[in-house]
Amino acid sequence: MATVFIDGESGTTGLGIRERLDALRDVTVKSLPADRRRDPAARRDLMAEVDLVVLCLPDDAAKESAAMAASLGNAAPKVLDASTAHRVNPDWVYGFAEMIPGQAERIAASRQVANPGCYPTGGIGLIRPLIDAGLLPADYPITINAVSGYSGGGKSMIQAHDDTGGPAFELYGLGLEHKHVPETQLYGGLTTRPIFVPSVGHYRQGMLVSIPLHLDALPAKPTGADLRAALQQHYAGCELVRVVDTPADGKLEPEALNDTDQLELYVVANEKRRQAILIARLDNLGKGASGAAVQNIRLMLGLHQGVAARALENA
């Protein structure tokens, strides 16, 4: 029986991870009483008792907690960080198991894994296979548009929407310095910094990430079918990532995958106009956060993937 401590389990991501882990027979979650969760000595002692620690903390606190775990030496647990703190740190493995061949094995072998951001999961999931296939140049000026439910904005945004209704829709991060851009560029394989335009709607969860392309501006001048085939080849056999047919009515709504750990990818193309849109749909609390975390926990602890995945889908 593997043991896990969630440092910061009372937040949205921590609660989601706890719920999913409680559905697994091979994992026991150990917790501290509420009045001791900020006690460094108590946290350190519990870290020494478990196989893996999940950090669901703000960035600075996550760095302190990771250092605390490392200070245990031979008793140090494996660490999965759900914050942004270590995502582009070369000493940490990026926790997007389907990103490139062998990434799941790298996660399984690592003692320090950084869980991906929700928006980058969709962006990287679309971009990286096409760059690796030679259909999208690494220096292409990518623009990523995305909309998320308000649960992705943390406690203050959740409270604002729950208490006052919040705006129906709003763009944010208009300083073009969103914290998800560095990991999107690095793991997307981009040499040109992408423009990222996030937005939030007045609904709790669910996400759409879209990337427009002028096909004749790409050196290979691919068709929509070429882009789709590259994505299909990359994700062939993946349990949680699927390339899906374009809806017949030409519409996509963001909530269809809520409460699942699935990631759906679409290529919508107009060959007459030589334009295409790459689209990713996911639950920002599922494959975009807690679901990805539990996928990585299973890999890091060596749990049987098929059994665990079925338990998650039934949770």
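Close amide H pairs (under 5 Å, H built 1.01 Å from N) link LEU136 with ILE131, residues at least 5 positions away or on another chain.
Could you check what % of the DSSP bridge pairs in segment 119-241 are antiparallel, to the nearest 5? Spell out each step's value before the answer.
Values: 7 of 14 bridges.
The answer is about 50 percent antiparallel.
With all protein chains present, how much of the accessible area of segment 73-139 (probe radius 1.4 Å) comes from carbon and sulfur, to the nearest whole percent?
Numbers: 1110 of 2210 Å².
Summing carbon and sulfur atoms, their accessible area is 50 percent of the total for segment 73-139.
Largest GNM mean-square fluctuation across VAL53, VAL197, VAL267, computed for the chain with C-alpha springs under 10 Å, falls on VAL197. With bins 5 Å wide starting at 0, give me the P(r) of segment 72-208 over every alpha carbon pair, in whole percents. Pairs per bin, as whole percents: 2, 10, 17, 19, 18, 14, 10, 6, 3, 1, 0. Per-residue Karplus couplings for segment 49-65, computed as 6.51 cos²θ - 1.76 cosθ + 1.60 with θ equal to phi - 60°, are listed in order as 9, 10, 7, 8, 10, 9, 9, 10, 9, x, 3, 5, 5, 5, 5, 5, 5 Hz, Gly and Pro entered as x.
Split the accessible area of segment 201-301 by element, probe 1.4 Å, and carbon with sulfur accounts for 49%. Rounded to two decimals, the Cα radius of gyration of segment 75-130 over 2.2 N^0.38 Å is 1.12. Counting every alpha-carbon pair across segment 228-311, the share separated by more than 16 Å comes to 60%. Comparing LEU227, LEU32, LEU174, which has the greatest mean-square fluctuation in the GNM of the chain with Cα pairs linked when under 10 Å apart? Highest fluctuation of the listed residues: LEU174.
Every helix of 4 or more DSSP H residues in the chain counts as -39500 (n - 2.57), and over all residues that averages to -10000 deg cm²/dmol at 222 nm.
Here's the list of lysines a cross-link from LYS63 could span, going by alpha-carbon distance under 27 Å and ignoring same-chain residues fewer than 8 apart: LYS30, LYS78, LYS155, LYS179, LYS287.
With all pairs of different alpha carbon atoms counted, what Kirkwood hydrodynamic radius in Å does the chain show?
Numbers: mean 1/r = 0.0499 Å⁻¹.
It works out to 20.1 Å.
DSSP beta bridges confined to segment 235-304 are antiparallel in about 75 percent of cases.
Put simply, the amide H of ASN89, placed in the peptide plane, has no neighbours under 5 Å, leaving out anything fewer than 5 places away on its chain.
Which percent, to the nearest 5, of DSSP beta bridges fully inside the chain are antiparallel?
Working: 23 of 50 bridges.
About 45 percent, rounded to the nearest 5.
Using a simple spin-label model with pseudo-atoms 7 Å out from Cα toward Cβ, ASP39 and ALA225 lie 6.7 nm apart. How far is helix 291-301 tilted, in degrees, relative to the longest principal axis of the Cα atoms in the chain, given as a value from 0 to 90 rounded to the nearest 10? Helix 291-301 sits roughly 60 degrees off the main axis of the chain. Sequentially through segment 95-109, phi angles give Karplus couplings (6.51, -1.76, 1.60; θ = phi - 60°) of x, 10, 4, 8, 4, 9, x, x, 5, 4, 5, 5, 4, 4, 8 Hz, Gly and Pro residues having no value and appearing as x. Among ARG37, ARG128, ARG204, the largest mean-square fluctuation in a Gaussian network model of the chain (Cα springs under 10 Å) belongs to ARG37. Once both labels are modelled 7 Å past Cα along the beta-carbon direction, what's the LEU186-ASN74 spacing in nm? Reported label-point gap for LEU186 and ASN74 is 3.2 nm. The accessible-area ordering, largest first, of the residues CYS238, CYS118 stands as CYS238, CYS118, per a 1.4 angstrom probe. Taking amide H as placed 1.01 Å from N in the peptide plane, the amide H of GLY206 sits under 5 Å from that of GLY149, ASN284, LEU285, each at least 5 places away or on another chain. Computed from backbone phi with θ = phi - 60° and the Karplus coefficients 6.51, -1.76 and 1.60, the 3J(HN,Hα) list for segment 276-282 is 8, 10, 8, 9, 10, 10, 7 Hz; x is used for glycine and proline. Based on alpha carbons, the Rg and Dmax found for segment 153-238 are 17.2, 51 Å.
The residues of the chain expose on average 44 square angstrom of accessible surface per residue, using a 1.4 Å probe on protein heavy atoms.
The values are calculated or read from the model by the stated rules, or taken from the named source; none is laboratory data. All values derive from a computational prediction rather than experimental measurement. Glycine also receives a Cβ, built like all others from the backbone with ideal geometry; neighbour counts cover every protein chain displayed. We work out accessible area using only protein heavy atoms, side chains counted, and drop any ligands, DNA or RNA first. Shrake-Rupley method; radii C 1.70, N 1.55, O 1.52, S 1.80 Å.
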